[in-house]
1. Of everything in segment 286-296 that's farther than 22 Å from residue 224 by Cα and touching a residue at least 24 places away in the same chain (Cβ under 8 Å), which residue is surrounded by the fewest Cβ atoms within 10 Å (Cβ to Cβ)?
2. Pairs, please: C-beta under 7 Å, at least 6 apart or cross-chain, first residue over 14 Å from residue 215 (Cβ atoms) and in segment 180-198, second surrounded by fewer than 16 Cβ atoms within 10 Å (Cβ to Cβ)?
3. Scan segment 297-314 and tell me whether some residue there is in contact with a strand residue (DSSP E or B) (Cβ under 6 Å, 6 or more places away or on another chain), in a loop (DSSP other than H, G, I, E, B), touching a residue at least 12 places away in the same chain (Cβ under 8 Å) and on the phi > 0 side of the Ramachandran plot.
4. Tell me the residue from 318, 392 that is within 20 Å of residue 291 (Cα to Cα), in contact with a helix residue (DSSP H, G or I) (Cβ under 7 Å, 6 or more places away or on another chain), crowded, with 18+ Cβ neighbours inside 10 Å and at pLDDT 95 or above, please.
5. When residues of segment 315-331 are filtered for being free of Cβ contacts under 8 Å to residues at least 12 places away in the same chain and assigned to a loop (DSSP other than H, G, I, E, B), how many remain?
6. Here is a list of conditions, (1) outside any loop (DSSP other than H, G, I, E, B); (2) touching a strand residue (DSSP E or B) at 6+ places or on another chain (Cβ under 8 Å); (3) farther than 30 Å from residue 359 by Cβ, and residue 221 meets all of them except one; can you say which number that is?
7. Just one of (1) in a loop (DSSP other than H, G, I, E, B); (2) at pLDDT 95 or above; (3) out of contact with any strand residue (DSSP E or B) (no Cβ under 8 Å at 6 or more places or on another chain) trips up residue 148, so point out which.
C-alpha cells in the first residue's frame, strides 16, 4: 500500500456542501480547480517567451520516456519549495503556481544523448536560476493537473515542436566541475555536489537529466526515481559518517507542515529506522517499512518515497548533533493535507520536527508511554496497537531482555 493522500471528499460531500466550503470551512478544491482551469485556458498560449525552471522526466514506457521542460511566461517561485516552506505558502497557492507550469514534452530514449531537445533540457537542469526560453507547442494548452506520487504536480502536458534558449544558462562552477568529470560515478558525484551545498531539489534535476556518472553509463532518470535516488544516496553517506557516534538519551521530537505531523522517537543503540504512516479520519490502518543496521535490500514499497525523504531529514539532524540511534518515525496525515504535493513536503515536515527542542526520557518505556498519550490526545489514534506491529520496538525490547540476562 502506498499512502498518496487526496481530498477526503466525494460527490456526496459536494451535494451537502453546495459551495458553502463545508470541507474545512475555508477552501474548496473543486471550486479552485474550476477557477484555475478558466485562468489557464484564457491565458495559456501555443507559442510564448518565458522561463523554464526545471524539467520533468516520466517513467511510463521506460526506456522510451516523455521528457518535459516546465515553463511559464512569468516566473514567480513556481519551482521553489524552500521559498514555499519559509514563507508558509498554503496548498492552494502552491497548486496555483504548479498548475500554471506548462509541461512542453517530447519522447526520448533514456540512453539517447545526441538530441537538440535533450541538450536544451540538460542546460535547463544545470542552471541555478530559471532560463529564458522561446517555446513552440503543437497545440494550445488546456488544463490537466498532473499529480505524481513523489514529484510535484504540474500543469498541462503538450507536445513540444521546438524550443530555443534566449540566454546563456548560469551554471555554477562547482556544478560544472563535477558534471564534466566523466570518470566519476553518479553516487560519488551526488555526494560531492551535496558537500558543495547543492540542495536536494537542485540535485534531483541535475541527476534526472542524465548529467552525472561515468560517461558510457549516463542516462535520463525518471523524476520520481531521481528524487528517491538522491535521498537514498545522501542518507547512506550520512549513515556511514555517524556509525561511530554514541547516544544515551531517549528523545522525542514533534513537528508538522501542511497537515503532515511527525512524532520522531530516538532510542539509544545502533542505527535502525522504521516509518509508520497513518491517515487521520480513516478507519485505523497504516503503512510501514523498516531497516536495521545493515540497511535495506529492496525498495520501501509500502511508504515509498516518503520513507527516504523523512530518513534524510532525520539523519541530517543526527549528523549535525554528532548523534546516532534507532529511529521510530510516526507520520500522521490530516485533512489539512488535501492534495498531494510531492515528498518534499514530507522532508520539510520531518525537518521541522527535528528542529524542535526534544523531550528527553530516562527509559524507553517512559518515552513510549508519553508517545501513546500524546498521539491519543492529538489524533485519537491508539498507538499501542500500532506499536505491537513495530519491528524496531520489538528488537529493542528483545535486546533489553537479553542484556538483563547477561548483567
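1. 292
2. If the second residue must be surrounded by fewer than 16 Cβ atoms within 10 Å (Cβ to Cβ), the pairs left are 196/174.
3. no
4. None of the other options fit; the residue is 318.
5. 1
6. Among (1) outside any loop (DSSP other than H, G, I, E, B); (2) touching a strand residue (DSSP E or B) at 6+ places or on another chain (Cβ under 8 Å); (3) farther than 30 Å from residue 359 by Cβ, the lone unmet condition for residue 221 is (1).
7. (2)
For every residue, the table says whether it meets (1) in the same structural domain as residue 81 (by TED's automatic domain parsing); (2) modelled with pLDDT of 95 or more; (3) in a helix (DSSP H, G or I).
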{"site": "235", "(1), (2), (3)": "yes, yes, yes"}
{"site": "252", "(1), (2), (3)": "no, yes, no"}
{"site": "261", "(1), (2), (3)": "no, yes, no"}
{"site": "265", "(1), (2), (3)": "no, yes, no"}
{"site": "270", "(1), (2), (3)": "no, no, no"}
{"site": "273", "(1), (2), (3)": "no, yes, no"}
{"site": "277", "(1), (2), (3)": "no, yes, no"}
{"site": "281", "(1), (2), (3)": "no, no, no"}
{"site": "285", "(1), (2), (3)": "no, no, no"}
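The values are calculated or read from the model by the stated rules, or taken from the named source; none is laboratory data. Remember, it's a predicted structure, so these values are computed and weren't measured experimentally. So basically every Cβ, Gly included, is an ideal-geometry build from the backbone, and we count neighbours across all protein chains shown.
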